[in-house]
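One structure below.
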Amino acid sequence: LPMVRLMMVRHAQSVQNQFMEKVMERVRRGELPLSEFNKTMRDGPPEANAGQDATLTPRGFVQAERLGEIWGPLLVDAAKMNRLVVYISPFLRCCQTADPVMKYITERVSNFKATILPIIMEEGGLSDAQDLKILDKVTELIKSGNTEAGVKLLKTPKWQRMGMTGKDMSKYFPWSRKPSELGE
C-alpha cells in the first residue's frame, strides 16, 4: 500500500481570533467572568461576532503568504503527479489562508483544484449573531425542561444567510471546487 501523509493546517489569524484573544486576556486578568465569555464574543464588533465569517487580519494575511511560500514549493510536485488531495473548510478565513498555497500550485499545475468541504467546518458553522441569540434562548428553554417551547422557537425565525455562495467561491477562489464536482 502507498504511504499516505496527512497535513492539517488551521487558518491564519482572523479578526474574530484577534478579538477573542483580547476577551480571553480580560478573563485572565479577572476583568470579565468566564461565564460572560460567549455573550461578550457575540456582542463584539460586527466583524468579530462569534459565528460570522471573519476575514483574516493583516497579520493573518502575512501568515498565509508565508504558508504559501514554504508549502507551495513542497507540494507542487505531488500535485503534478496527481498525488495531492486538498480539502478546505468553506469559512472565508480558511479559504484566504489556503489561497497563497493554492495559487502557487495552480500557477504550475493549471488543472489542480482543492475541494471546499463543508463537513470540516467547525461545530456550529456560520451563524449570524442574532441567530445565535435565538439559539441561546432555545438552549435555555430546553435546559429548563420546556423542550416543546424550545423546538417551537427553533422553527419560528427566518434565519440569516451567512457565508459565500458557490458562485462567490468560484469567483474569489478559482482553484476551488464543490464536493459535487468530484465526479465520484
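The values are calculated or read from the model by the stated rules, or taken from the named source; none is laboratory data. This one's a predicted model, so the numbers in the text were calculated from it and none came from an experiment. Note that each Cβ is placed from the backbone with ideal geometry, even for glycine, and that neighbours are counted across all protein chains shown. Heads up: the accessible areas ignore ligands, DNA and RNA and are worked out on the full protein's heavy atoms, side chains in. Shrake-Rupley method; radii C 1.70, N 1.55, O 1.52, S 1.80 Å.
Just to be sure I understand the filter: pairs with C-beta atoms under 7 Å, separated by 6 or more residues or on different chains, first member in segment 102-122 and free of Cβ contacts under 8 Å to residues at least 60 places away in the same chain, second member in a helix (DSSP H, G or I). Which pairs pass?
So the pair list comes out as TYR104/GLY68; TYR104/GLY72; TYR104/VAL76; ARG108/VAL76; VAL109/VAL76; VAL109/ALA79; VAL109/LYS80.
If I go through segment 9-35 residue by residue, how many of them are more than 30 Å from LEU67 (Cβ to Cβ), assigned to a helix (DSSP H, G or I) and open to solvent by less than 70 Å² (accessible area, probe 1.4 Å)?
0
List every residue pair whose Cβ atoms lie under 9 Å apart, where the two residues are 6 or more positions apart in sequence or sit on different chains, the first residue falls within segment 144-168 and is open to solvent by 90 Å² or more (accessible area, probe 1.4 Å), and the second residue, located anywhere, is acidic (Asp, Glu).
Every condition considered, the pairs that remain are TRP159/ASP128; TRP159/ASP131; GLN160/ASP128; GLN160/ASP131; ARG161/ASP128.
Test GLU69 against the stated conditions and say whether it is open to solvent by 60 Å² or more (accessible area, probe 1.4 Å), modelled with pLDDT under 95 and assigned to a helix (DSSP H, G or I).
So GLU69 fails the test.
Would you confirm whether or not segment 42-49 contains a residue that is under 17 Å from the mean Cα position of the chain (by Cα) and modelled with pLDDT of 80 or more?
No; the residues of segment 42-49 include none that is under 17 Å from the mean Cα position of the chain (by Cα) and modelled with pLDDT of 80 or more.
In segment 34-64, how many are touching a Gly at 6+ places or on another chain (Cβ under 8 Å) and either within 15 Å of LYS22 (Cβ to Cβ) or β-branched (Val, Ile, Thr) (or both)?
Number satisfying all stated conditions: 2.
If you take the residues of segment 132-143 that are open to solvent by less than 70 Å² (accessible area, probe 1.4 Å) and under 19 Å from GLN52 (Cα atoms), which of them is modelled with the lowest pLDDT?
The qualifying residue modelled with the lowest pLDDT is LEU132.
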